[in-house]
Amino acid sequence: MREDQSGTFALGERTVKRIGYGAMQLAGPGVFGPPRDHDAALAVLREAVASGVNHIDTSDFYGPHVTNQLIREALHPYPDDMVIVTKVSARRGEDGSWLPALSRDELIEAVHANLRNLGLDALDVVNFRSLFDIHGPAEGSIEEPLTVLAELQQQGLIRHIGLSNVTPNQIAEGRSICKIVCVQNHYNLAHRADDALIDDLARDGTPYVPYFPLGGFTPLQSSTLSEVAQHLSATPMQVALAWLLKRAPNILLIPGTSSVAHLRENLAAGALELPDDAVATLDGVASGA
């Protein structure tokens, strides 16, 4: 592999490296409760920053509170170039269930909880996650909750606002309320419903941040992906991440892991050059998924 050439992209008023880190897997099983190994979780975060990562994705409903408190313990005071992106609109039941938290009071409390647990005076980016369908984008107005976040932005508690799990119509509605600095939807080699949206966002310079870039709770599996990886002397997950980087310049990656070894493997994807024939082969996998 060559030296990392994945580059950077603007996120809000900052510039971040295109491979970041998603903190969700630092919590316990089911993204609930403390990690199995507290010190190992801190080590992953510190290794990420030592390796140059300056974009971390999190939420106070991971745990709940667990990942944000780990981030603060491991990294506070934060490097000057660090961008921490969080999200709101849900809370956790005592049984670990995911529950909507969309009222004005719940959104305000969520922002303050993120501030408190991260040890920040203002949040860099807050993504509003739409919950009309928990499994994917579904139409419905986001005006009411987004207006609450815009008010908190005006108060200086939020610097920038993004959207997650949304449709193009919801993005347009959001832009009528406040500036939208990023969109975070489910997308990877095998799940490509947002192809047209990614291209539209690329044209206006808006970052697209695919969640579950490696398949999430159901890791990507493809014999073709494995064959391409073997030919390139890389892992299948490295190839899947490299394909995303090549897919569009506005894609920012936030692969998550609780392992330092896996973190290093993920970051090394930025140094993997995919030949045109490998890209064409992988595109075929995606179109047939």
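The values are calculated or read from the model by the stated rules, or taken from the named source; none is laboratory data. Computed from a predicted model, the values in this text were never measured in an experiment. All Cβ positions, even for glycine, are placed from backbone atoms using ideal geometry, and neighbour counts span all protein chains on display. Surface accessibility is based on the protein's heavy atoms, side chains included, excluding ligands, DNA and RNA. Shrake-Rupley method; radii C 1.70, N 1.55, O 1.52, S 1.80 Å.
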Enumerate the pairs (first residue in region 192-216 and open to solvent by 60 Å² or more (accessible area, probe 1.4 Å); second residue anywhere and aromatic (Phe, Trp, Tyr)) with beta-carbon separation below 8 Å, excluding pairs fewer than 6 apart on the same chain, so at least 6 apart or on different chains. ALA193/TYR187
Take region 112-149 and flag every residue that is of a type in the set (A, V, I, L, M, F, W, C), touching a Gly at 6+ places or on another chain (Cβ under 6 Å) and assigned to a strand (DSSP E or B). VAL125
Only one of (1) under 17 Å from the mean Cα position of the chain (by Cα); (2) closer than 21 Å to GLY270 by Cα is not met by THR67, so which one is it? (2)
Residue check, PRO213 in a loop (DSSP other than H, G, I, E, B), within 22 Å of ILE161 (Cα to Cα), at pLDDT below 95 and of a type outside the set (A, V, I, L, M, F, W, C): yes
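Could you grab me the full set of residues in region 150-167 that are touching a helix residue (DSSP H, G or I) at 6+ places or on another chain (Cβ under 7 Å) and outside any strand (DSSP E or B)?
Keep residues of region 150-167 that are touching a helix residue (DSSP H, G or I) at 6+ places or on another chain (Cβ under 7 Å), which gives 152, 157-158, 161, 163.
Result: LEU152, LEU157.
Looking at region 29-45 only, could you name the residues that are surrounded by fewer than 16 Cβ atoms within 10 Å (Cβ to Cβ), over 18 Å from the mean Cα position of the chain (by Cα) and not hydrophobic (A, V, I, L, M, F, W, C)?
We begin by selecting, within region 29-45, every residue surrounded by fewer than 16 Cβ atoms within 10 Å (Cβ to Cβ); these are 29-30, 33-34, 36-40.
This time we only want the ones that are over 18 Å from the mean Cα position of the chain (by Cα), so: 29, 33-34, 36-40.
Across region 29-45, the qualifying residues are PRO29, GLY33, PRO34, ARG36, ASP37, HIS38, ASP39.
Yes/no matrix, rows are residues, columns are (1) in contact (Cβ under 8 Å) with a residue 40 or more places away in the chain; (2) touching a strand residue (DSSP E or B) at 6+ places or on another chain (Cβ under 7 Å):
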residue	(1), (2)
SER222	yes, no
LEU225	yes, no
ALA234	yes, no
ILE251	yes, yes
HIS262	no, no
ALA268	yes, no
ALA278	yes, no
THR281	yes, no
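Condition check: closer than 19 Å to MET24 by Cβ and in contact with a Phe, Trp or Tyr (Cβ under 6 Å, 6 or more places away or on another chain). Does GLY96 satisfy that?
Judged against the criteria, GLY96 is a match.
Could you list, in sequence order, the residues of region 112-152 that are among the β-branched types (Val, Ile, Thr) and either touching a strand residue (DSSP E or B) at 6+ places or on another chain (Cβ under 6 Å) or at pLDDT below 95 (or both)? Before you say what the answer is, go through the steps one by one.
The initial filter retains those residues of region 112-152 that are among the β-branched types (Val, Ile, Thr), namely 125-126, 134, 142, 147-148.
Matches in region 112-152: VAL125, VAL126, ILE134.
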So, ILE108, is that one under 19 Å from LEU263 (Cα atoms) and surrounded by 14 or more Cβ atoms within 10 Å (Cβ to Cβ) or not? no
Quick check, is THR235 open to solvent by 20 Å² or more (accessible area, probe 1.4 Å) and more than 15 Å from the chain's Cα centre (by Cα)? yes
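Tell me, yes or no, whether region 168-185 has at least one residue that is assigned to a strand (DSSP E or B) and either free of Cβ contacts under 8 Å to residues at least 12 places away in the same chain or hydroxyl-bearing (Ser, Thr, Tyr) (or both). Show your work before the answer.
We begin by selecting, within region 168-185, every residue assigned to a strand (DSSP E or B); these are 180-184.
Restricting the remaining residues to those that are either free of Cβ contacts under 8 Å to residues at least 12 places away in the same chain or hydroxyl-bearing (Ser, Thr, Tyr) (or both) gives none.
No, region 168-185 contains no residue that is assigned to a strand (DSSP E or B) and either free of Cβ contacts under 8 Å to residues at least 12 places away in the same chain or hydroxyl-bearing (Ser, Thr, Tyr) (or both).
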Residues satisfying the stated conditions in region 81-103, i.e. over 16 Å from PHE132 (Cβ atoms) and either touching a Leu at 6+ places or on another chain (Cβ under 9 Å) or in contact (Cβ under 8 Å) with a residue 12 or more places away in the chain (or both): ASP81, MET82, VAL83, ILE84, VAL85, THR86, ARG91, ARG92, GLY93, GLY96
